[in-house]
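See below for the structure under consideration.
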Amino acid sequence: VLSSFKDQVISPDVMVFGEVGLAGEIRPVQSGQERVIEAAKQGFKKIVAPSKNQPKSLSKGVEFIGCDHVSLALEALGLVKTR
């Protein structure tokens, strides 16, 4: 929604997933590590997801950005600057 409001395109090689709580916290999802591994197989180069869903290993050339709050995810996507 924010990317549309700011008229910014998110790269098609970016995958984002997670459950967002009312306070903006990002919670891990079931089978999250498997989702990351499958996304890498499908060609995604950047994965923004809950920190607790970080896989033990990752394909070369794939960047995993673990986030615990929606503000960090938006910053990782280049939609806001919090620092």
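The values are calculated or read from the model by the stated rules, or taken from the named source; none is laboratory data. The model shown is predicted, which means the values in this text are computed figures rather than measured ones. Note: ideal-geometry Cβ built from the backbone for every residue, glycine included; neighbour counts use all protein chains shown. Note: areas computed on protein heavy atoms with side chains; ligands, DNA, RNA excluded. Shrake-Rupley method; radii C 1.70, N 1.55, O 1.52, S 1.80 Å.
Do we have G43 as in contact with a strand residue (DSSP E or B) (Cβ under 7 Å, 6 or more places away or on another chain), open to solvent by 30 Å² or more (accessible area, probe 1.4 Å) and not in a helix (DSSP H, G or I) here? When the stated conditions are applied, G43 does not pass them.
Residues that are in a loop (DSSP other than H, G, I, E, B) and of a type in the set (A, V, I, L, M, F, W, C) within the stretch 1-40 comprise V1, V9, I10, F17, L22, A23, V29, listed in sequence order.
Take the residues in the stretch 46-62 that are among the aliphatic types (A, V, I, L, M) and not in a strand (DSSP E or B); name whichever of them is most open to solvent (accessible area, probe 1.4 Å). Selected residue: L58. Within the stretch 68-83, the set of residues being open to solvent by 60 Å² or more (accessible area, probe 1.4 Å), at pLDDT 85 or above and not aliphatic (A, V, I, L, M) comprises D68, H69.
Exactly one residue out of I37, I65, I26, I10 is touching a Leu at 6+ places or on another chain (Cβ under 9 Å) and open to solvent by 70 Å² or more (accessible area, probe 1.4 Å): that is I37.
When R35 is tested against the conditions (1) farther than 15 Å from G78 by Cβ; (2) more than 15 Å from the chain's Cα centre (by Cα), the lone failure is (2).
Could you grab the pairs with beta carbons closer than 7 Å, sequence gap of 6+ or different chains, first residue in the stretch 18-41 and on the phi > 0 side of the Ramachandran plot and in contact (Cβ under 8 Å) with a residue 24 or more places away in the chain, second one open to solvent by less than 60 Å² (accessible area, probe 1.4 Å) and not polar (S, T, N, Q)? Short answer, once both residue conditions are applied: G18/I26; G18/V29; G18/A49; G18/P50; G24/V70.
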